[in-house]
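Please read the structure below before turning to the comments.
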Amino acid sequence: MEIIIVASPAEVGRVAAAKVATVVAQNPSAVIGLATGSSPQGIYVDLRRRVQAGEITFAHARGFALDEYVGIPLEHPESYASVIARDVVAPLGFEPTRVSVPDGRAVDLESAAKDYDAAIRAAGGIDVQILGIGANGHIGFNEPTSSFASRTRIKTLAPLTRQDNARFFDSIEQVPMHCMTQGLGTILEARQVVLVAHGSAKAQAVAAAIEGPLSSFVPGSALQLHEHATVVLDEEAAADLQLADYYRYTYANKPAWQVEH
Ligand code: GLP
């Protein structure tokens with residue numbers, strides 16, 4: 001796992017965006033795994049800058065969102081379908097029909113979840129998956145004790161997650177109780193994963209995911225099993241890491257040919 005510690009949330013976004021941009025520059029029809037939440041916003045801001053500068057285009061790329069709420073209408077401003085359309089598809093210039101979001105409104109949710117995994121496979125698999133991490137260590141909406149082998153499926157949101165996400169709704173009661181999320185097994189199949197975190201609220205979860213034991217109790221620790229995982233952090237999110245100096249040393253001495261710009 002590559003751990004990169006930088007000075008600010010904006011720099012987290014820029015460094016992580018460089019990874020995604022490299023993939024898209026090499027393969028304009030790349031398949032991108034898209035995360036919602038506040039953590040990846042800086043990535044999308046920097047990718048937009050690159051699109052505007054003519055460095056890359058998402059016009060031929062394919063996108064798959066990580067997760068979706070179950071129990072709110074598609075047109076709700078906080079449905080992840082709305083968030084992805086607003087924060088990712090429009091600003092980056094994706095072709096809307098080439099971006100999929102799990103169908104949290106399906107009559108048969110179990111089939112819809114299976115179909116989602118099948119659609120990812122049919123698209124050739126995800127080339128680069130963008131991820132944030134929850135304060136309880138979740139990735140996507142894979143709450144603690146999610147199986148490392150799990151596929152896209154329905155989950156019940158942990159009380160802490162509902163509390164954390166209440167800021168996007170008028171009250172905690174309006175935060176859905178259920179969601180559909182790519183599984184940890186689904187996420188681990190992406191060819192590359194880039195996880196971003198900033199702020200002290202994430203420090204414990206980040207340390208447990210990177211340096212703690214492999215445990216479904218900390219879903220983010222599943223990334224230790226991935227052969228091409230990068231974690232980009234600001235100083236606050238990196239505060240509980242025991243080997244922070246080693247990660248800084250490694251990054252500072254990274255061979256020039258391995259550095260994305
Ligand atoms: C959300 C999302 C996750 C996200 C995490 C952290 O509920 N389902 O994909 O990574 O929780 O959110 P934030 O980045 O807003 O802190």
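A short reminder: the numbers here are calculations on the coordinates, not readings from a lab. Keep in mind that this is a model prediction, so the values were computed, not measured. As a convention, Cβ positions derive from the backbone with ideal geometry for all residues, glycine included, and neighbour counts pool all protein chains shown.
Count the net charge of all other residues whose Cβ sits under 13 Å from the Cβ of S79, scoring Lys and Arg as +1 and Asp and Glu as -1. Intermediate values should be presented prior to the final figure.
Details: positive: R86, R105; negative: D67, E68, E75, E78, D87, D103.
Taking every Cβ under 13 Å from that of S79, the sum is -4.
If you plug each phi of the stretch 84-95 into the Karplus form 6.51 cos²θ - 1.76 cosθ + 1.60 with θ = phi - 60°, what whole-Hz ³J(HN,Hα) values come out, in order, with x for Gly and Pro?
5, 4, 6, 8, 10, 4, 5, x, 8, x, 5, 6
What net charge is computed for the residues neighbouring A25, neighbours being all others with C-beta under 13 Å from the C-beta of A25, Lys and Arg scored +1, Asp and Glu -1?
-1
Give the cross-link partners of K202 among the lysines, using a straight C-alpha distance below 24 Å as the criterion and excluding same-chain residues fewer than 8 apart.
Cα-Cα hits under 24 Å: K19, K155.
Projected onto the charge dipole of the chain (+1 at Lys/Arg Cβ, -1 at Asp/Glu Cβ, origin at the Cα centre), which of P102, A35, V128 gives the Cα projection farthest towards the positive end?
Most positive-ward Cα: V128.
Two decimals, Cα atoms only, Kirkwood Rh: what is Rg/Rh over the chain?
Ratio of gyration radius to Kirkwood radius for the chain: 0.94.
Tell me which chymotrypsin sites (Phe, Trp or Tyr not before Pro) from the stretch 178-261 have a DSSP coil assignment and no more than 15 other beta carbons within 10 Å of their own.
Sparse-neighbourhood loop chymotrypsin sites (Phe, Trp or Tyr not before Pro): F217.
Restricting the count to DSSP beta bridges whose residues both fall in the stretch 2-253, what percent are antiparallel, rounded to a multiple of 5? Could you put the intermediate results ahead of the total?
Values: 9 of 30 bridges.
If we restrict to bridges inside the stretch 2-253, about 30 percent are antiparallel.
Would you please give the FRET efficiency between L74 and A123, computed as 1/(1 + (r/R0)^6) with r the Cβ-Cβ distance and R0 = 22 Å, to the nearest 0.05?
Step by step, r from the Cβ atoms, then E = 0.55.
Hey, what's the Kirkwood Rh for the stretch 2-58 if you take every pair of different alpha carbons, in angstrom?
It is 11.7 Å.
Quick one: Cα convex hull volume of the stretch 58-176, Å³ per residue? List each step's numbers first, then the result.
Values: hull volume 14.1 nm³, N = 119.
Each residue corresponds to 119 Å³ of Cα convex hull volume.
Taking GluC sites (Glu not before Pro) that fall in a DSSP loop and have at most 13 other Cβ atoms within 10 Å as cut points, what is the longest piece of the chain between them? All intermediate terms of the calculation are to be shown ahead of the outcome.
Details: sites that count: E55, E75, E227.
No qualifying site falls inside 76-226, the longest such stretch.
Quick one: putting +1 on the C-beta of Lys and Arg, -1 on the C-beta of Asp and Glu, what dipole do you get for the chain around its Cα centre, in Debye to the nearest 20?
About 440 debye.
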